[in-house]
Structure formats: C-alpha cells, structure tokens
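The numbers here are math on the coordinates, done by the rules we state, and not lab data. This one's a predicted model, so the numbers in the text were calculated from it and none came from an experiment. Every residue, glycine among them, receives a Cβ derived from its backbone with ideal geometry; neighbour counts consider all protein chains shown.
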Amino acid sequence: MITGKFLTRLIMCALLVTGNVQAQDAAIPETLIDQLETLAESENAEAMYHLGMLYNNGVGVPRSPSKALAYFRQAAEKGDALGQYKLGCYLVGQFGQIDGLQLNKDEGIEYKQAAAEAGYALAQYDVAGFHFQQKQWDSALEWLTRAAKQAYRPALVALAGIYSDKGTPVYDPVSAWQYFLLMPESTGTEWLQARRSAVEGALSAEQKQKAAEQKSSMQFDRTALTKRAQAGLDRAKALVMQQGD
C-alpha cells in the first residue's frame, strides 16, 4: 500500500536532485526589460513569459508575484506553453495566495497538462505527480517516463523509487535497477541509497543484465520547449535580437 511517508520521501529525493532549469542570470542588459516590454505590447507571447519570469524571480526588477501572474496569464492565453505551465503553478497554489488570484487546482492542472503535452519535461513530471496522488499508475508512469527520456533527473529518481517499492502495484525491481543505473550512486537521500542497495542485493546476475540492457536501449532527447525553458535569459536575449533583425 502506498503511504504518505513514501510520497514525502520521493519528493525530498526529487528536491535534492532538481537543477534550477529556469535559472535567471542576475546580470542582465539594462535595455532588455524595455525591449521585452515593447515585444509584449506587440502581442509577443514569449516576451510575456520572459517578463513573467523576471518578475517572478525578482531579476532586474523588484520581485512582484502579481505582475508575474499577469504576464504568465497573458502568455498562456496566447498559447505559450511555458506561460501555461507557470500560470498552472500559480493556480494550484505553489506560490501561495497573492492579490488578484483565485486558486483553482483543476484549472491549474489543465494548464500544466497543456504544457506537458507540448513537451515540457517539468510539466510532465508535475502531471505525473497528480496521477500518482490519484493512484492512476499507468498515467503516472507514462508521464514520468516521458520526462525521464528528457534526462530530467527527478523523474529518474521517482521511477526508481516507485518501481522499487513493494507497496505499489507496479513493483518491478528490474526496472528499478535500470533507473538506478542511470544515476550516480550518491544520488538522493539515505533512504533512496538504501533502497538502491536493497534492489541490487535482491537481483540475480541475469536480472541485472536485463536491467543494464534496458538502460542501454534508452534514448534521451530534450524537446525544443524544454531547451527553451532551460536557456532562461539567454533565450530572452536571443528573442530580442531576432525581433530586432
């Protein structure tokens, strides 16, 4: 039986290995914000998203969740998948309650789902989490696998943890070992490392070989959307330059 403690442990492991894929460099050109605002005024959805990120993180401008939300909403309404993802984060309450925001988990999940379907690894991971909470195992594993195939390490951790847990209906130590092999041995908390050792000790040589073959057959490729998110300010600068040509 899946427990709240198990969920908490998985979340803690994921937090430890999550890179800041949307990191924003604090040193930005003085003109960048003005240029992004000009593009946003001309209905450029991606510029709206980047402005939302700047206000969300307080980079180059005073941090303002309200302004960030407004830009994310505009970007989302114009179909920008990253804007949809961030709007979804606000709607499900990840940033708490802010002025002008009425939390709506169902609507937030819909926006995250749209971003996941567009190929954003972090959205795919989040959507998997919603299915996981509902014990919708097939859907959860499908979305986690999509994120894992983009080399999103928290998804690798989650898959290793789920497949190695005898309390889940999808317990599969061979698949668990496959995902453990994709991570450094020091990855995660002591709990995850203990789980790794337990799986390794329980498998036969033939099972380990099968897991190694499954690992070798995996192909990793980040989508254009995930790459855009990870590019952060570099992408914003490139957008401004492209529009200026």
- For the chain, whose charge dipole is built from +1 on Lys and Arg Cβ atoms and -1 on Asp and Glu Cβ atoms, the candidate among L32, G108, V59 with its Cα farthest towards the positive end is G108
- Residue among G201, G58, G232 with the largest mean-square fluctuation in a Gaussian network model of the chain, springs linking Cα atoms under 10 Å: G201
- Please state the charge dipole magnitude for the range 127-245, taken about the Cα centre, from unit charges on C-beta atoms (+1 on K and R, -1 on D and E), reported in debye and rounded to the nearest 20. 260 debye
- Could you tell me how many degrees, from 0 to 90 and to the nearest 10, lie between the Cα long axis of helix 190-202 and the main elongation axis, the longest principal axis, of the Cα atoms of the chain? 40 degrees
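Kirkwood hydrodynamic radius for the range 30-118: how many Å is it when counted over pairs of different Cα atoms? Please list the in-between numbers first.
Numbers: mean 1/r = 0.0783 Å⁻¹.
The Cα-based Kirkwood calculation yields 12.8 Å.
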- GNM of the chain, Cα pairs under 10 angstrom: of F180, F95, F132, the biggest fluctuation goes to F95
- Message: Which one, A75, Y49, C89, projects farthest toward the positive side of the charge dipole computed for the range 30-118 from Cβ point charges (K/R +1, D/E -1)?
- Response: C89
- Residue by residue, what Karplus-based ³J(HN,Hα) values in Hz, rounded to whole numbers, does the range 104-109 have, using 6.51, -1.76 and 1.60 with θ = phi - 60° and x for Gly and Pro? 8, 4, 4, 5, x, 5
- Note on the structure: Here the alpha-carbon Rg of the range 103-245 over 2.2 N^0.38 Å rounds to 1.21
- Query: Mind ordering 78-84, 235-241, 216-222 by average Cβ neighbours within 10 Å, highest first?
  - Reply: 78-84, 235-241, 216-222
- Note on the structure: Amide H neighbours of D165 at under 5 Å, excluding residues fewer than 5 places away on the same chain, with H built from the backbone geometry, are D172
- Message: List the pairs from K112/K135; K112/K208; K149/K210; K149/K227 whose alpha-carbon separation is above 25 Å, in the order I gave them.
- Response: K112/K208
- Could you calculate the FRET efficiency of E213 with V170 from 1/(1 + (r/R0)^6), where r is the beta carbon distance between them and R0 is 22 Å, rounded to 0.05? 0.65
- Query: Using alpha carbons only, how many degrees (0 to 90, rounded to 10) separate the axis of helix 45-57 from the longest principal axis of the chain?
  - Reply: 80 degrees
- Residues H131, H50 in order from fewest to most other beta-carbon atoms within 10 Å are H131, H50
- Note on the structure: Going residue by residue through the range 60-77, the Karplus relation 6.51 cos²θ - 1.76 cosθ + 1.60 with θ = phi - 60° gives ³J(HN,Hα) values, rounded to whole Hz and with x marking Gly or Pro, of x, 9, x, 4, 8, x, 5, 5, 4, 4, 4, 5, 4, 5, 4, 4, 5, 5
- Classified through the alpha carbon gyration tensor (a ≥ b ≥ c as square roots of its eigenvalues; rounded if a/c is under 1.5, else prolate when a/b is larger than b/c, else oblate), the chain comes out prolate
- Message: Using only the alpha-carbon atoms, how far is helix 4-17 inclined from the longest principal axis of the chain? Give it as 0 to 90 degrees, nearest 10.
- Response: 60 degrees
